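Written below as C-alpha cells is the structure these notes are about.
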Amino acid sequence: MCQRFVVVRIAHQLMNAPRASAQGALSPLDVEAVRRDFPALHQQVNDRPLVYLDSGASSQKPEQVIEALNNYERHDHSNVHRGVHTLSQRATEAYEASRTKVQQFINAGSVKEVVFTRGTTEAINLVAQSYGRANLRSDDEVLITEMEHHANIVPWQLLCEQTGAKLKVVPFDDTGVLEMSRLKDQLTEKTRIVAVTHVSNALGTVNPVGQIIQLAHDAGAVVLVDGAQAIPHGPVDVTALECDFYTFSGHKVYGPTGIGVLYGREFLLEAMPPWQGGGDMIKTVSFDETTYNDLPYKFEAGTPHIAGAIGLGAAVDYVAALGPDRIAVHEHQLINYATERANAEKDMQIFGQAPDKAGILSFVLDGIHPHDIGTILDHEGVAIRTGHHCAMPVMTHYGVSATARASFGPYNTIDEIDVLFRAMEKVREMFRQ
Ligand code: 7TS
C-alpha cells in the first residue's frame with residue numbers, strides 16, 4: 001500500500017521560485033523568532049506542548065495581528081465610509097489602508113481591483129453569480145479540476161444549474177499532478193471560465209497556473225485562481241500571473257476569519273453587475289432607479305468586517321516582513337523532511353506526490369481510521385486535520401473516505417515533525433496491540 005514520494009523540489013515554478021536577494025542567497029527564516037510572535041503556540045494541550053500542524057485549515061495569529069485588532073476595537077471602531085466624525089474617519093482610513101497593503105502584497109494594479117469578501121468561498125460565489133450569470137449561456141462550459149475544494153466546485157455547479165452551462169472536470173493522475181494534456185483537450189471555444197486551485201489543500205500540489213492561464217486566454221476563457229492555500233506559502237503576483245480573478249482567505253494567512261479577498265481585473269469587475277445589494281454599494285437609490293458605486297465598493301454591500309480587514313492588513317504586513325520567498329523555502333524544507341520520514345514508514349500511504357508541493361502532507365496508516373489517528377495525536381498535543389478536507393472528489397479518486405493531514409506554517413520546525421512521527425508510534429501501539 002505504501003506509495004513512494006518523489007523528491008520535492010525546493011523551488012516551485014509558479015508560486016515564483018524563491019529569489020536570491022541582491023546580496024546573494026536568501027537568509028533563512030529565524031523560526032524561533034517567528035514562534036515568539038505567535039502566543040497560541042506556547043501552550044500545553046493534554047499536558048503536552050502544542051504542536052500545531054493544522055495551518056491549512058486555519059493558521060494562528062501573530063501578536064502584530066492581535067494588536068492591530070485590539071487597537072482598532074479599543075480606540076477606532078466605528079462604521080466606515082459613513083461618518084464625518086473622527087472615529088469613523090479613523091476606521092475608514094485603517095480599512096482602506098489595509099486594501100492598499102493587500103494590493104501591494106499581491107501586486108494588483110489598483111486598489112479598485114481588491115474587493116473584501118468574507119473569504120475565499122464568498123469570493124468564488126461572487127464571481128460565479130456576477131460574472132458567470134451575466135456571461136454564460138446554455139451552450140457554454142466551465143472547466144474546473146478534480147482536485148478542487150468544494151468552494152471551487154459547488155458555486156460552479158449552481159451556476160451551471162442556473163444557466164444550463166456544462167461543468168467539465170480535468171482529472172489528476174495518481175501522483176496528484178493535474179493532467180495537462182486532458183486540460184488542453186477539454187479547453188474549447190465553448191469554455192467561458194476556468195477555475196483552478198493554485199495549491200491543492202488535500203494533496204499539496206502546486207498547479208502550473210501561469211501555463212493554465214495562458215492556455216485559457218488563448219481559448220478565450222477567463223480564469224479564476226483559488227489561492228486559499230497558495231497565499232500563505234509563497235509569493236503571489238497577480239499581475240505577473242495575468243489571472244483574471246484570484247481569491248484567498250485572511251485566516252489562512254495569519255489574519256482573522258470572516259475576511260478574504262477577491263482580486264479581479266478592473267475591466268472585468270467594471271463590466272460585472274453587483275452581486276449583493278444594500279448600503280455602500282450604491283451611489284443613488286430611488287424606486288425608479290438605483291445607480292451603483294465605483295469599484296471596489298460596488299461589490300461590498302453592507303457594513304463590512306472592518307476589524308477583519310484591518311487584521312488582514314496587519315497579517316500581510318507581517319508576511320511581507322518575514323518574506324514570502326523565505327517562508328516558501330522553510331516550508332519546503334519541512335515538507336521534504338516530513339516526506340522522507342513518511343517514505344521510511346512501511347504502513348504509511350501519502351496522497352499527493354507532485355514534484356511541486358506546498359507544506360501539506362496527506363496520509364493514511366494501514367488499517368487505522370484517520371479520525372483515530374487525529375484523536376490519538378491530539379492526546380499527544382499534536383493538532384492535525386482529518387476527514388475529507390472539503391475535497392470529496394480527491395478522496396473518491398483514491399477510494400478512501402478520509403485522510404490525515406499535517407500542514408505547515410513558518411512557525412513549524414523539524415523537531416515538531418519528529419514529535420508527529422513519535423506520536424504516530426503511539427497510534428500504532430493503541431490500534432495494533
Ligand atoms: N479553497 C481552498 C483550496 C481551501 O483550502 C479552502 C479551505 C477554501 C477554498 C475555502 O476557504 P474559506 O476560508 O472560504 O473556508 N480549506 C480548508 C482546509 O483545507 N481545511 O479547512 C478549511
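The values are calculated or read from the model by the stated rules, or taken from the named source; none is laboratory data. This one's a predicted model, so the numbers in the text were calculated from it and none came from an experiment. We place every Cβ from the backbone using ideal geometry, glycine too, and count neighbours over all the protein chains shown. Only protein heavy atoms, including side chains, enter the accessible area calculation; ligands, DNA and RNA are left aside. Shrake-Rupley method; radii C 1.70, N 1.55, O 1.52, S 1.80 Å.
Cβ-Cβ under 6 Å, sequence separation 6+ or interchain: first residue in region 182-199 and closer than 17 Å to Ala123 by Cα and touching a residue at least 24 places away in the same chain (Cβ under 8 Å), partner part of a strand (DSSP E or B) and charged (D, E, K, R). Which pairs?
Going by the 6 Å Cβ cut-off, the qualifying pairs are Thr197/Asp226.
Could you name every one of the strands (runs of 3 or more DSSP E) located completely within region 348-405 that has at least 1 residues being more than 16 Å from the ligand (Cβ to nearest atom), surrounded by fewer than 22 Cβ atoms within 10 Å (Cβ to Cβ) and among the aliphatic types (A, V, I, L, M)?
Details: elements: 348-351, 360-365, 385-387.
In region 348-405, 348-351, 360-365 are the strands (runs of 3 or more DSSP E) which contain 1 or more residues that are more than 16 Å from the ligand (Cβ to nearest atom), surrounded by fewer than 22 Cβ atoms within 10 Å (Cβ to Cβ) and among the aliphatic types (A, V, I, L, M).
Within region 86-125, how many residues are more than 16 Å from the ligand (Cβ to nearest atom) and at positive phi?
Counting residues in region 86-125 that are more than 16 Å from the ligand (Cβ to nearest atom) and at positive phi gives 1.
List, please: which pairs have Cβ atoms under 6 Å, are six or more places apart or on different chains, and start with a residue in region 110-121 that is among the charged types (D, E, K, R) and end with one that is within 14 Å of the ligand (Cβ to nearest atom) and open to solvent by 10 Å² or more (accessible area, probe 1.4 Å)?
As it stands, the answer is Arg118/Gly258, since those pairs meet every condition given.
If you check Leu159 against the conditions, is it without any contact (Cβ under 8 Å) to a residue 60 or more places away in the chain, open to solvent by less than 10 Å² (accessible area, probe 1.4 Å) and not β-branched (Val, Ile, Thr)?
Judged against the criteria, Leu159 is a match.
Could you tell me whether region 18-27 includes any residue that is at pLDDT 95 or above, surrounded by 14 or more Cβ atoms within 10 Å (Cβ to Cβ) and away from the ligand (no atom under 16 Å from the Cβ)? Talk me through it step by step, then tell me what you get.
Applying the first criterion (at pLDDT 95 or above) to region 18-27 yields none.
There is no residue in region 18-27 that is at pLDDT 95 or above, surrounded by 14 or more Cβ atoms within 10 Å (Cβ to Cβ) and away from the ligand (no atom under 16 Å from the Cβ).
Can you tell me which of Ala301, Ala314 is assigned by TED's automatic domain parsing to the domain that holds Leu126, more than 30 Å from Asp173 (Cβ to Cβ) and either modelled with pLDDT under 95 or outside any helix (DSSP H, G or I) (or both)?
Numbers: Ala314 fails: either modelled with pLDDT under 95 or outside any helix (DSSP H, G or I) (or both).
So the residue among Ala301, Ala314 that is assigned by TED's automatic domain parsing to the domain that holds Leu126, more than 30 Å from Asp173 (Cβ to Cβ) and either modelled with pLDDT under 95 or outside any helix (DSSP H, G or I) (or both) is Ala301.
Taking only pairs six or more apart or across chains, which ones have beta-carbon atoms under 8 Å, a first residue in region 33-53 that is under 10 Å from Tyr411 (Cβ atoms), and a second residue that is open to solvent by 30 Å² or more (accessible area, probe 1.4 Å) and of a type in the set (Asp, Glu)?
Listed by first residue and then by second, the contacts come to Asp37/Glu63; Phe38/Glu63.
Could you please let me know if Val142 is in the same structural domain as Leu312 (by TED's automatic domain parsing), part of a strand (DSSP E or B), away from the ligand (no atom under 16 Å from the Cβ) and in contact with a Gly (Cβ under 8 Å, 6 or more places away or on another chain)?
Numbers: in the same structural domain as Leu312 (by TED's automatic domain parsing): yes; part of a strand (DSSP E or B): yes; away from the ligand (no atom under 16 Å from the Cβ): yes; in contact with a Gly (Cβ under 8 Å, 6 or more places away or on another chain): yes.
Against the criterion (in the same structural domain as Leu312 (by TED's automatic domain parsing), part of a strand (DSSP E or B), away from the ligand (no atom under 16 Å from the Cβ) and in contact with a Gly (Cβ under 8 Å, 6 or more places away or on another chain)), Val142 qualifies.
Would you tally the residues in region 251-278 being assigned to a loop (DSSP other than H, G, I, E, B), away from the ligand (no atom under 11 Å from the Cβ) and open to solvent by 40 Å² or more (accessible area, probe 1.4 Å)?
5
Quick one: is Ala423 within 16 Å of the ligand (Cβ to nearest atom) and either at pLDDT 95 or above or open to solvent by less than 10 Å² (accessible area, probe 1.4 Å) (or both)? Walk me through it before giving the result.
Working: within 16 Å of the ligand (Cβ to nearest atom): no; either at pLDDT 95 or above or open to solvent by less than 10 Å² (accessible area, probe 1.4 Å) (or both): yes.
No; evaluated as a whole, the condition is false for this residue.
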